């Protein structure tokens, strides 16, 4: 269900980005590219309440069971929060949830904002760490150089790929949409997923991708693709997050080519390197295989996120 009337549209991009960029939230979900990509799947809606912009949606982890909506932390466009006005906004948003007979909570709240909420509502809130939604952040240079013992295996795979395959890397364009969707279908068909939750997430992602490919330029997505023998075999889709970070929303590669995952990650990071210090590779959603893969790239930090419940 949608809680508010506003939707994530191209027409409202300027307004939404004014709030999304008004504070260093640092979390992957609070970017226009992420919200646009998942706007229908996660049923995002928004409304300005008082001084703040409130965005609601359904968490990826609850989509399978059709879970209740949640609210992101209210967004400011001024770079600061005033305790009294923030409290009024939260209570008004809570009332909107209750009007729809839905429990109210705020999710995906970054750790560095907890003090802001504590000052606004002292003694009224409960904070719960949300480990499956912690973001993994990496140094761009680390992902390019792959230096040292920690990256030895990654470097070996990348070297093998360079030694055995000729390839072309470049940005994606909307006229590649049909080829990209064929690649997505082939990629999903090769996946042997026994976890029904993971399979459902993959299907939901596929639903969102055509719209992403068609709107690469108008939305501001950052992209990269690798062709081998003229065929699309790997893609990376990202977006800007704050001033010096890029989020990787989607990364896929044909695993029949050893080292291709390392290659698409490496090439994408090299293309971003001139003005991007960090790469945010989003959360692991509590999936063991995904957590292992993200940890294997040695993140420099995890962006801790919390759920906030009003007593």
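Among the strands (runs of 3 or more DSSP E) lying completely within the range 74-173, list those that include at least 3 residues that are within 23 Å of the chain's Cα centre (by Cα) and surrounded by fewer than 16 Cβ atoms within 10 Å (Cβ to Cβ). If you could, list the steps in order and put the result at the bottom.
Working: elements: 105-110, 125-129, 135-139, 168-170.
Result: 125-129.
Give 198, 203 a once-over and let me know the one that is outside any loop (DSSP other than H, G, I, E, B), assigned by TED's automatic domain parsing to the domain that holds residue 269 and more than 24 Å from residue 296 (Cα to Cα). Please lay out each step first, then the result.
Working: 198 fails: more than 24 Å from residue 296 (Cα to Cα).
Going through 198, 203 in turn, just one is outside any loop (DSSP other than H, G, I, E, B), assigned by TED's automatic domain parsing to the domain that holds residue 269 and more than 24 Å from residue 296 (Cα to Cα): 203.
Yes/no per residue for (1) at pLDDT 95 or above; (2) surrounded by fewer than 16 Cβ atoms within 10 Å (Cβ to Cβ):
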{"site": "201", "(1), (2)": "no, no"}
{"site": "244", "(1), (2)": "no, yes"}
{"site": "253", "(1), (2)": "yes, no"}
{"site": "272", "(1), (2)": "no, no"}
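Go through the range 39-63 and count every residue that is touching a helix residue (DSSP H, G or I) at 6+ places or on another chain (Cβ under 6 Å), part of a loop (DSSP other than H, G, I, E, B) and surrounded by fewer than 22 Cβ atoms within 10 Å (Cβ to Cβ).
3
If you go through the range 7-20, how many residues are surrounded by fewer than 19 Cβ atoms within 10 Å (Cβ to Cβ) and outside any loop (DSSP other than H, G, I, E, B)?
Here is the first cut: in the range 7-20, the ones surrounded by fewer than 19 Cβ atoms within 10 Å (Cβ to Cβ) are 7, 9-15, 17-18.
Filter once more, so that each one left must be outside any loop (DSSP other than H, G, I, E, B): 13-15, 17-18.
Selection size over the range 7-20: 5.
Would you tally the residues in the range 255-270 being surrounded by fewer than 18 Cβ atoms within 10 Å (Cβ to Cβ) and either closer than 13 Å to residue 165 by Cα or not assigned by TED's automatic domain parsing to the domain that holds residue 233 (or both)? Even if it seems obvious, please write down each step before you answer.
We begin by selecting, within the range 255-270, every residue surrounded by fewer than 18 Cβ atoms within 10 Å (Cβ to Cβ); these are 255-256, 258, 270.
With either closer than 13 Å to residue 165 by Cα or not assigned by TED's automatic domain parsing to the domain that holds residue 233 (or both) added as a condition, the list becomes 256, 258.
Counting residues in the range 255-270 that are surrounded by fewer than 18 Cβ atoms within 10 Å (Cβ to Cβ) and either closer than 13 Å to residue 165 by Cα or not assigned by TED's automatic domain parsing to the domain that holds residue 233 (or both) gives 2.
Among the residues of the range 270-279, write down those that are within 21 Å of residue 172 (Cα to Cα) and in a loop (DSSP other than H, G, I, E, B). First the steps, then the outcome.
We begin by selecting, within the range 270-279, every residue within 21 Å of residue 172 (Cα to Cα); these are 270-276, 279.
If the condition is that a residue be within 21 Å of residue 172 (Cα to Cα) and in a loop (DSSP other than H, G, I, E, B), then 273, 274, 275, 276 are the ones that fit.
Could you check residue 262 against (1) over 24 Å from residue 154 (Cα atoms); (2) in contact with a helix residue (DSSP H, G or I) (Cβ under 9 Å, 6 or more places away or on another chain); (3) assigned to a helix (DSSP H, G or I) and say which number it fails?
Here residue 262 meets the rest and fails (1).
Any residue at all in the range 21-31 that is part of a loop (DSSP other than H, G, I, E, B), surrounded by fewer than 16 Cβ atoms within 10 Å (Cβ to Cβ), assigned by TED's automatic domain parsing to the domain that holds residue 130 and in contact with a helix residue (DSSP H, G or I) (Cβ under 7 Å, 6 or more places away or on another chain)?
For the range 21-31, residues part of a loop (DSSP other than H, G, I, E, B), surrounded by fewer than 16 Cβ atoms within 10 Å (Cβ to Cβ), assigned by TED's automatic domain parsing to the domain that holds residue 130 and in contact with a helix residue (DSSP H, G or I) (Cβ under 7 Å, 6 or more places away or on another chain): absent.
Take the residues in the range 274-296 that are closer than 14 Å to residue 248 by Cβ and in contact with a helix residue (DSSP H, G or I) (Cβ under 7 Å, 6 or more places away or on another chain); name whichever of them is surrounded by the most Cβ atoms within 10 Å (Cβ to Cβ).
Kept after step one, since they are closer than 14 Å to residue 248 by Cβ, are these residues of the range 274-296: 276, 278-284, 290, 293-294.
Next, only the ones that are in contact with a helix residue (DSSP H, G or I) (Cβ under 7 Å, 6 or more places away or on another chain) stay: 276, 278-279, 281, 283-284.
Numbers: 276: 18, 278: 22, 279: 28, 281: 23, 283: 26, 284: 21.
Looking at residues that are closer than 14 Å to residue 248 by Cβ and in contact with a helix residue (DSSP H, G or I) (Cβ under 7 Å, 6 or more places away or on another chain), I get 279.
On the given criteria, is residue 235 in the same structural domain as residue 171 (by TED's automatic domain parsing), touching a residue at least 12 places away in the same chain (Cβ under 8 Å) and closer than 17 Å to residue 191 by Cβ?
Numbers: in the same structural domain as residue 171 (by TED's automatic domain parsing): yes; touching a residue at least 12 places away in the same chain (Cβ under 8 Å): yes; closer than 17 Å to residue 191 by Cβ: yes.
Yes: the conditions hold for residue 235.
Sort through 267, 233, 282 and tell me the only one that's modelled with pLDDT of 95 or more and in a loop (DSSP other than H, G, I, E, B).
Working: 267 fails: in a loop (DSSP other than H, G, I, E, B); 233 fails: in a loop (DSSP other than H, G, I, E, B).
Just one listed residue meets the conditions, 282.
Which one of the conditions (1) under 16 Å from the mean Cα position of the chain (by Cα); (2) assigned to a helix (DSSP H, G or I) does residue 185 fail to meet, given that it meets all the rest?
Failed condition: (1).
Can you tell me which residues in the range 136-175 are closer than 12 Å to residue 226 by Cβ and touching a strand residue (DSSP E or B) at 6+ places or on another chain (Cβ under 9 Å)?
Of everything in the range 136-175, those that are closer than 12 Å to residue 226 by Cβ and touching a strand residue (DSSP E or B) at 6+ places or on another chain (Cβ under 9 Å) turn out to be 165, 166, 167, 168, 169, 170, 171, 172.
Outside the structural domain of residue 211 (by TED's automatic domain parsing) and not in a strand (DSSP E or B): does that describe residue 292?
On the way: outside the structural domain of residue 211 (by TED's automatic domain parsing): yes; not in a strand (DSSP E or B): yes.
Yes.
The values are calculated or read from the model by the stated rules, or taken from the named source; none is laboratory data. For clarity, every value in this text was computed on a predicted model and none was experimentally measured. Cβ atoms come from the backbone with ideal geometry, glycine included; neighbour counts cover every protein chain shown.
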